[in-house]
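The structure appears below as structure tokens.
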Amino acid sequence: MKVVAIIQARMGSTRLPGKVLKKIKGGETVLSHVINRVSKSKNVDNIVIATTIQKDDDQIVKEVTDLGYTVYRGSENDVLERYYQAILQSSANIIIRITSDCPLIDPIVIDEMVEVFINNNYSLVTNAGADASLRTFPRGLDVEIFSREALEKAYINATLPYQREHVTPYIYENEASIFYYKNKEDNSNHRWTLDTKEDYRLIEEIYNNLYMGGNTTFI
């Protein structure tokens, strides 16, 4: 059983263009920090960065290649297809969906959620999800874990634009066994993701004060 984390990344952000290659602590990019933190997860067998065939995303390909990780290039708007083709390339059985605007992603949370998925018969385990009232984790620690079969079913059957663009809506809408993984405390009011200049300043401050450098991570 192969567990693969697929990190979706592209340069074309409307609110903060090029955000995934912005530099933070140590001169490293946001994307490199996301990859580094995901790589600390003991239950992740492989990491693939799924980007687009757009010219601007050549920069992402270079960054990922320089870091020694695998990249898959596919559709800009049909992200569901991009994920599906990436899992075919990586031979994944269990897929972890992570976005590249989450440089505070927690490897311990990822590991806990993978164990929940493996030890139960869920189609999808999430700490974010379609129902915002069930969220207890801050935005920016978002993890979704689903089976190859669930993704394949979505890939074949999803027809609406939002179902193709956001990867998992079809699964939420058509699978009965969705599990919302919850934190001990409700911290859903916190925002640790990167979409705006204000988000960037906050993340810079967190890294400047808490990141120890090298292969270490802060929790």
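Any read-out appearing in this document is the output of simple, stated calculations on the displayed coordinates, not a laboratory observation. Treat the numbers as computed from the prediction; the structure is a model and nothing was measured. Heads up, the Cβs are rebuilt from the backbone with ideal geometry, glycines too, and the neighbour counts pull from every protein chain shown.
Numbers for the structure displayed
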| item | result |
| --- | --- |
| Violating pairs (Cα-Cα greater than 26 angstrom) within the set Lys19/Lys62; Lys55/Lys197; Lys2/Lys25 | Lys2/Lys25 |
| Taking Asp66, Asp101, Asp45 and counting other C-beta atoms within 10 Å, the order from fewest to most | Asp66, Asp45, Asp101 |
| Karplus-derived 3J(HN,Hα), 6.51/-1.76/1.60, for each residue of the stretch 183-192, Hz, glycine and proline x | 7, 5, 10, 7, 10, 5, 7, 8, 10, 10 |
| Global geometry of the stretch 1-79, whether rounded, prolate or oblate, following the gyration tensor of its Cα atoms and the 1.5 cut on a/c | oblate |
| DSSP beta bridge pairing in the stretch 3-210, given as percent antiparallel to the nearest 5 | 30 |
| Lys/Arg +1, Asp/Glu -1 at C-beta; the stretch 59-199 dipole; positive extreme among Ala92, Leu141, Asn127 | Ala92 |
| All aspartates and glutamates inside 19 Å of Lys22 as judged from Cα atoms, apart from same-chain residues fewer than 8 positions distant | Asp56, Asp57, Asp58, Glu63, Asp66, Asp101, Asp195, Glu198, Asp199, Glu204, Glu205 |
| D_trans [Stokes-Einstein, Kirkwood Rh over alpha-carbon pairs] for the stretch 3-210, 10 °C, 1.306 mPa s, µm² s⁻¹ | 93 |
| Neighbour-count ranking [beta-carbon atoms within 10 angstrom, fewest first] of Met113, Met212 | Met212, Met113 |
